[in-house]
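Here the structure comes first, spelled out in structure tokens, and everything after it is commentary.
The values are calculated or read from the model by the stated rules, or taken from the named source; none is laboratory data. These figures come from a predicted structure and were not determined experimentally. Neighbour counts are summed over all protein chains in view; Cβ atoms, including those assigned to glycine, are modelled from backbone coordinates with ideal geometry. Areas reflect the complete protein model, heavy atoms only, side chains present, ligands, DNA and RNA absent. Shrake-Rupley method; radii C 1.70, N 1.55, O 1.52, S 1.80 Å.
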Amino acid sequence: MTRTQAALSRTTALTSAALLVAVAPPGQAQEAFDLDAITVTANAEATAVERSGSTVEVVEEEEIRAAGEVRLSEFLNRLPGVSVSNNGPAGGTSTLRIRGAGGAYIGVFVDGINVSDTASTQMAFNWANMMTSDICRVEVLKGAQSALYGSEAVAGVINITTNRATEPGLSNRYAVEPGSYDTVKLGFNSSYVTDNGSVSASLTHIRTDGFSSADENLGNTEADGFEATRLSFAGEYDVSDTMTIGGAGFYQTSEGEYDTSAGDADNTSDTEEYGLRAFARFETGAVENEVALQYYAIDRRYQEGSASRYLGERYGLSYSGSVQLAPTFDLSFGGDYTREEFKSDAFGTANDGTYKTSGVFVEGAWAPSEALDVVLTLRQDDHSEFGGATTGRVSVAYRPQDDLILRAAVGTGFRAPSLYELYSNFGNPNLDPETSVSYEMGVEKRFGPDAFLRATLFRMEITDLIDFAGSSYNQVPGTSTMQGLELSGGVPLSETLHLSAAYTYTDTEDADGDRLVRVPEHEFNVSLDAELTEELNGSLTLRQVYDTLDNVPWPGSGTLALEDYTLVDLSLGYRLNDSAEAYMRVENVLDEEYQTVYGYGTSDRAVYFGLRGRF
């Protein structure tokens, strides 16, 4: 039996389990999809989720708060097609992957601000410092999205929205949470709504003594602490019936301690980052327009034997417009200009680099009937270092019944080498952009308002992948592939008990036929949510991860298999009154010993208590 045959055999067994927990009781009334579920990420214009041909997961604030996760990446890890690997506790490096593709292939936006780190190795966002306290909505869009978002959107886009006003007048929310590892988490959100506009702001803080970044089971006992403070704000104002202005921004500072996989060390990191965005939306006849300016900067300083510093900046200007040309056809169009900069002072050498990208796009959304939506997107980018690149995407959503949707999408993508890959001490100025193509086919069936089953097949091919080998980044000739299956579903077991499950099978190969590292072949998540009494609610979550490889840090040793693991988390909430709730959560209930990155530690059983409310 080949490796692929063995994997498929195991997939069949786990798939059967996922199907069993997802199927709703027979005879339940069939109802239409929830028309209130909207995605602002999948297409150029806001789209009802059931009309999107690309797979998009929409997570609302209530789900995030009920889960109680401190780091957003750990919550997103529950979604099908998403996996996370951590180099130790908060303050280290956390990498999120979509369908096997890492941070270099994922665009990340916070309140419309592109927060991908221009000074990181592959311009990837570090999820270790992104907490959940001020977040009210997340969209995870999967598949190649370069046609709409340009470079770094090869595997998908994650769009994060922070605290927003939800009711007229002034409203405030707070959260206080102490717990294991001498952790304290504080959060305060405030918003104000008038007839002509709204404004909101959030202040969050976390401090923890942490645990050893280098795995304590390998003899490492020195805990690595972390502290971070984040301020975010957003607002908009209706100048007239046809014009709205607004903006958003954030500032975050963090300090942490970390180890390498070699063992305990007195390494420290200090990061400061901030972003700003201003926009104006206005109508000119039948055309709806938006002009936006944005700025993002990050300053990372490390003390690892010697001091090193990395600085990145991004300036952006964009325009988008839309017009309905016919009752069944909407046209969207626009352009953008981005300037990205990188500076470093590491290993006694100063490096820097800058490049500029301009792009234009056009998107047609055609709905020939109530049951069919077809979207075609084309984009042309001009890169100051690599010239022109053309990308496209076609997506189709077909609803033969009100409770059944069929999806299909194909898109091309490109990723320009990052500034670090080109100009750092390990850079290679002779690199060329990677190109890619991705496909997906899916089906979703509803069995009532709270029961559903969704299945998606996916495949992505990346040509001329850039990888670190020897002492620099180099092109890997040939095609690397990532393909697999996503299953998810939910069913109410009773009026007070709801079961949901997600399973992902991911098969990866580089151009030499070897598996990619840190990508689980099988990942299975099950959640049981219960309303135990009118005041008491609870949630039990189980995650199983199988068949993950990682690199061995010493030269010439190849890869090794990380141990499979099972994690169980528990949370309980008790409503004290209409405006306050006490809660408790237990992470890693079984006290499982596991690794997501070879040599790096993970949390033992940890208990946290909290109080949250509003006034």
Considering residues that are out of contact with any Ser or Thr (no Cβ under 9 Å at 6 or more places or on another chain), in a strand (DSSP E or B) and open to solvent by 50 Å² or more (accessible area, probe 1.4 Å), the number found within segment 366-395 is 1
Take V323 and tell me if it is within 26 Å of the chain's Cα centre (by Cα), assigned to a strand (DSSP E or B) and β-branched (V, I, T). no
Give segment 453-477 a look and list any residue that's open to solvent by 30 Å² or more (accessible area, probe 1.4 Å), closer than 18 Å to V517 by Cβ and part of a strand (DSSP E or B), or say none. D467, F468, A469, N474, V476
For T541, the lone unmet condition from (1) more than 26 Å from A262 (Cα to Cα); (2) open to solvent by 30 Å² or more (accessible area, probe 1.4 Å) is (2)
If we keep just the residues of segment 41-57 that are within 15 Å of the chain's Cα centre (by Cα) and either outside any strand (DSSP E or B) or surrounded by fewer than 19 Cβ atoms within 10 Å (Cβ to Cβ) (or both), which is modelled with the lowest pLDDT? A42
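Return a yes/no flag: does segment 156-163 have any residue that is among the small types (G, A, S) and within 16 Å of the chain's Cα centre (by Cα).
Keep residues of segment 156-163 that are among the small types (G, A, S), which gives 156.
If we keep only those that are within 16 Å of the chain's Cα centre (by Cα) too, we end up with 156.
Yes, there is a match, as at least one residue in segment 156-163 is among the small types (G, A, S) and within 16 Å of the chain's Cα centre (by Cα).
Open to solvent by 30 Å² or more (accessible area, probe 1.4 Å) and on the phi < 0 side of the Ramachandran plot: does that describe L186?
Values: open to solvent by 30 Å² or more (accessible area, probe 1.4 Å): yes; on the phi < 0 side of the Ramachandran plot: yes.
When the stated conditions are applied, L186 passes them.
Table: residues versus (1) modelled with pLDDT under 95; (2) in contact with a Ser or Thr (Cβ under 6 Å, 6 or more places away or on another chain); (3) open to solvent by less than 10 Å² (accessible area, probe 1.4 Å); (4) among the aromatic types (F, W, Y).
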site: N86; (1), (2), (3), (4): yes, yes, no, no
site: A90; (1), (2), (3), (4): yes, no, no, no
site: D111; (1), (2), (3), (4): no, yes, no, no
site: Q122; (1), (2), (3), (4): yes, yes, no, no
site: M130; (1), (2), (3), (4): yes, no, yes, no
site: S133; (1), (2), (3), (4): yes, yes, no, no
site: K142; (1), (2), (3), (4): no, yes, yes, no
site: G150; (1), (2), (3), (4): yes, no, yes, no
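Within the bounds of segment 249-257, is there any residue that is under 30 Å from D591 (Cβ atoms) and either in a loop (DSSP other than H, G, I, E, B) or open to solvent by less than 70 Å² (accessible area, probe 1.4 Å) (or both)? Give the steps one after another, and end with the answer.
To start, the set of residues in segment 249-257 that are under 30 Å from D591 (Cβ atoms) comprises 254-257.
From what's left, either in a loop (DSSP other than H, G, I, E, B) or open to solvent by less than 70 Å² (accessible area, probe 1.4 Å) (or both): 254, 256.
Yes, segment 249-257 contains a residue that is under 30 Å from D591 (Cβ atoms) and either in a loop (DSSP other than H, G, I, E, B) or open to solvent by less than 70 Å² (accessible area, probe 1.4 Å) (or both).
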Could you pull out every one of the strands (runs of 3 or more DSSP E) wholly within segment 134-185 that has 3 or more residues that are over 30 Å from P433 (Cα atoms) and touching a residue at least 60 places away in the same chain (Cβ under 8 Å)? 135-142, 169-179
What number of residues within segment 265-291 are within 14 Å of S320 (Cβ to Cβ), open to solvent by 30 Å² or more (accessible area, probe 1.4 Å) and not β-branched (V, I, T)? 6
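Pick out the one residue from V491, V437, V443 that is surrounded by fewer than 17 Cβ atoms within 10 Å (Cβ to Cβ) and either in contact with a Cys (Cβ under 9 Å, 6 or more places away or on another chain) or modelled with pLDDT of 95 or more (or both).
Numbers: V491 fails: surrounded by fewer than 17 Cβ atoms within 10 Å (Cβ to Cβ); V437 fails: surrounded by fewer than 17 Cβ atoms within 10 Å (Cβ to Cβ).
So the residue among V491, V437, V443 that is surrounded by fewer than 17 Cβ atoms within 10 Å (Cβ to Cβ) and either in contact with a Cys (Cβ under 9 Å, 6 or more places away or on another chain) or modelled with pLDDT of 95 or more (or both) is V443.
May I ask you to list the residues in segment 514-543 that are in a loop (DSSP other than H, G, I, E, B), closer than 21 Å to V586 by Cβ and of a type outside the set (D, E)? Steps first, answer last, please.
So the first thing to find is which residues in segment 514-543 are in a loop (DSSP other than H, G, I, E, B), and the list is 514-521, 532-535.
Within this subset, residues satisfying the condition of being closer than 21 Å to V586 by Cβ are 532-533, 535.
Listed by number, the residues that qualify are L532, T533.
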